[in-house]
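The values are calculated or read from the model by the stated rules, or taken from the named source; none is laboratory data. Please read all numbers here as calculations on a predicted model, not as lab measurements. So basically every Cβ, Gly included, is an ideal-geometry build from the backbone, and we count neighbours across all protein chains shown. Surface areas here come from the heavy atoms of the whole protein model, side chains and all, with no ligands, DNA or RNA. Shrake-Rupley method; radii C 1.70, N 1.55, O 1.52, S 1.80 Å.
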Amino acid sequence: MVKEGRAQLGFNLRDLAVNLPGAFFIYRADDGKILFANRELLRITECSSMEVFIEFIGRKVKGLIAPEDYAEAVESCDQQVGDSDDAVAHMVKNPYFGEIYYVILSPKPDQK
């Protein structure tokens, strides 16, 4: 991309990820390992740090989903339906991690 034709936004990807007003995370499709969780997800789960978050959920996406909702959530992701009342997910192929999901969570009315 030619530099003179490109606008300078004044923020980087880390700024965007940390300061987005919604909770989101990224996880590997093959084993459910969470690769990234933003600050808002930590707040919603009442975790003071990423280390506490990992300890709380066990590093896997399954730790974020109520047991009674897990089968439906996996099926929704596998079918690439993409959205529900609680989340929007999108799967992409990443050259380093393979198939990964980007997930945005919708807060419940009492969490807003």
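In the stretch 60-74, what residues are open to solvent by 60 Å² or more (accessible area, probe 1.4 Å) and either closer than 15 Å to A23 by Cα or among the aliphatic types (A, V, I, L, M) (or both)?
A71
Check every one of the helices (runs of 4 or more DSSP H) wholly within the stretch 1-59 and list those with 3 or more residues that are at pLDDT below 80, surrounded by 13 or more Cβ atoms within 10 Å (Cβ to Cβ) and touching a Lys or Arg at 6+ places or on another chain (Cβ under 6 Å).
Qualifying helices (runs of 4 or more DSSP H): none found.
With the structure loaded, tell me whether I100 is modelled with pLDDT of 85 or more and over 13 Å from the mean Cα position of the chain (by Cα) or whether it fails that test.
no
If the Cβ limit is 7 Å and pairs must be 6+ apart or interchain, which residue in the stretch 91-106 that is under 22 Å from R39 (Cβ atoms) pairs with which residue that is charged (D, E, K, R) and not in a strand (DSSP E or B)?
Correct list of pairs: L105/D86; S106/D85; S106/D86.
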